[in-house]
Amino acid sequence: MSNWKDETIQANPKEKAEELKKVMSVVAPELHTFIEEHAELDQWMDRVRAENNRALYREALQIIQQELEQHFLYEEQFILPKLGRYFATTEVGPVFKLIQEHDIIRKNYRDAEDLMQESDSERFAEVLQQKMNLLAYLLKKHIEKEDHYFFPLVSLVLTPAECQEIADQVAHAHHA
Ligand SMILES: [Fe+2]
Ligand SMILES: [Fe+2]
């Protein structure tokens with residue numbers, strides 16, 4: 001089953017670089033590190049979708065794990081509480097949906113890790129490939145949403161001081 005390869009979210013490197021520059025122009029400079037990390041992860045996910053290769057899958061899962069432990073957490077801990085203040089409730093809307101997507105990605109990551117542990121035999125190779133392609137698809141869609149909706153809108157809603165505080169919190173967390 002390779003129908004997770006949605007060609008509409010594939011682009012050549014030059015187009016991608018152009019798009020990245022434009023996205024940066026609508027995102028607060030203090031938040032650019034998030035967009036840069038998206039671009040890097042997006043490239044990894046393109047490789048996952050292009051190659052059925054166990055060593056690559058293993059490396060990609062390590063990269064994803066690191067993203068889950070840092071990037072995802074930073075969004076949840078440093079951005080969402082600030083954004084949440086502007087809404088009457090966070091039981092629906094962008095804060096709720098972003099956490100929900102993160103949780104779905106975390107679950108699929110854990111499934112992929114489990115399959116990787118279990119599946120040294122060829123029997124599981126196809127199941128693993130499907131799971132990795134699903135994970136790559138989910139991550140690419142999530143990144144696309146954050147680049148084109150979430151971060152541009154966060155940049156409009158939050159004050160420059162709030163954006164700076166996020167950058168400071170990320171820098172601090174990196175050195176903790
Ligand atoms: Fe993100
Ligand atoms: Fe995210």
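The values are calculated or read from the model by the stated rules, or taken from the named source; none is laboratory data. This one's a predicted model, so the numbers in the text were calculated from it and none came from an experiment. Using ideal geometry, Cβ is built from the backbone for each residue, glycine included, and neighbour counts are taken over all protein chains shown.
Numbers below:
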item: Of all residues making up region 45-64, the number that are within 16 Å of ligand 2 (Cβ to nearest atom) and either among the charged types (D, E, K, R) or buried (at least 20 other Cβ atoms within 10 Å of the Cβ) (or both); result: 2
item: Matching residues in region 83-113 - criterion: being within 16 Å of VAL157 (Cβ to Cβ) and within 15 Å of ligand 1 (Cβ to nearest atom); result: LEU83, PRO94, VAL95, LYS97, LEU98
item: Test for GLU91: is it not basic (Lys, Arg) and not in a helix (DSSP H, G or I); result: yes
item: Breaking point among (1) in a loop (DSSP other than H, G, I, E, B); (2) closer than 30 Å to SER155 by Cβ; (3) in contact with a helix residue (DSSP H, G or I) (Cβ under 9 Å, 6 or more places away or on another chain); (4) not acidic (Asp, Glu), for ASN52; result: (2)
item: LEU68 within 24 Å of GLN43 (Cβ to Cβ), within 16 Å of ligand 1 (Cβ to nearest atom) and part of a helix (DSSP H, G or I); result: yes
item: Subset of region 1-52 (residues that are hydrophobic (A, V, I, L, M, F, W, C), away from ligand 1 (no atom under 16 Å from the Cβ) and modelled with pLDDT of 95 or more); result: VAL48, ALA50
item: Tabulated pairs, region 145-165, first within 11 Å of ILE79 (Cα to Cα), second at pLDDT below 95, C-beta under 6 angstrom, 6+ apart or interchain; result: none
item: LEU83, sole failed condition from (1) without any contact (Cβ under 8 Å) to a residue 24 or more places away in the chain; (2) part of a helix (DSSP H, G or I); result: (1)
item: Matching residues, region 120-140, being over 21 Å from VAL27 (Cα atoms) and of a type outside the set (A, V, I, L, M, F, W, C); result: ASP120, SER121, GLU122, ARG123, GLU126, GLN129, GLN130, LYS131, ASN133, TYR137
item: Looking only at region 55-65, and only at residues there that are free of Cβ contacts under 8 Å to residues at least 24 places away in the same chain and not polar (S, T, N, Q), the one that is farthest from ligand 1 (Cβ to nearest atom); result: ALA55
item: Test: residue in region 141-164 that is of a type outside the set (Asp, Glu), more than 18 Å from LEU31 (Cα to Cα) and either away from ligand 1 (no atom under 16 Å from the Cβ) or out of contact with any strand residue (DSSP E or B) (no Cβ under 9 Å at 6 or more places or on another chain) (or both); result: yes
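Conditions (1) at pLDDT below 95; (2) of a type in the set (A, V, I, L, M); (3) within 11 Å of ligand 2 (Cβ to nearest atom), marked per residue:
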{"site": "ILE79", "(1), (2), (3)": "no, yes, yes"}
{"site": "GLY84", "(1), (2), (3)": "no, no, no"}
{"site": "VAL92", "(1), (2), (3)": "no, yes, no"}
{"site": "ILE99", "(1), (2), (3)": "no, yes, yes"}
{"site": "GLN117", "(1), (2), (3)": "yes, no, no"}
{"site": "LYS131", "(1), (2), (3)": "no, no, no"}
{"site": "LYS140", "(1), (2), (3)": "no, no, no"}
{"site": "PHE150", "(1), (2), (3)": "no, no, yes"}
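Residues checked against (1) of a type in the set (Val, Ile, Thr); (2) out of contact with any helix residue (DSSP H, G or I) (no Cβ under 8 Å at 6 or more places or on another chain); (3) surrounded by fewer than 19 Cβ atoms within 10 Å (Cβ to Cβ):
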{"residue": "ARG85", "(1), (2), (3)": "no, yes, yes"}
{"residue": "GLU91", "(1), (2), (3)": "no, yes, yes"}
{"residue": "ASP103", "(1), (2), (3)": "no, yes, yes"}
{"residue": "LEU138", "(1), (2), (3)": "no, no, yes"}
{"residue": "THR159", "(1), (2), (3)": "yes, yes, yes"}
{"residue": "GLN164", "(1), (2), (3)": "no, no, yes"}
{"residue": "ALA171", "(1), (2), (3)": "no, yes, yes"}
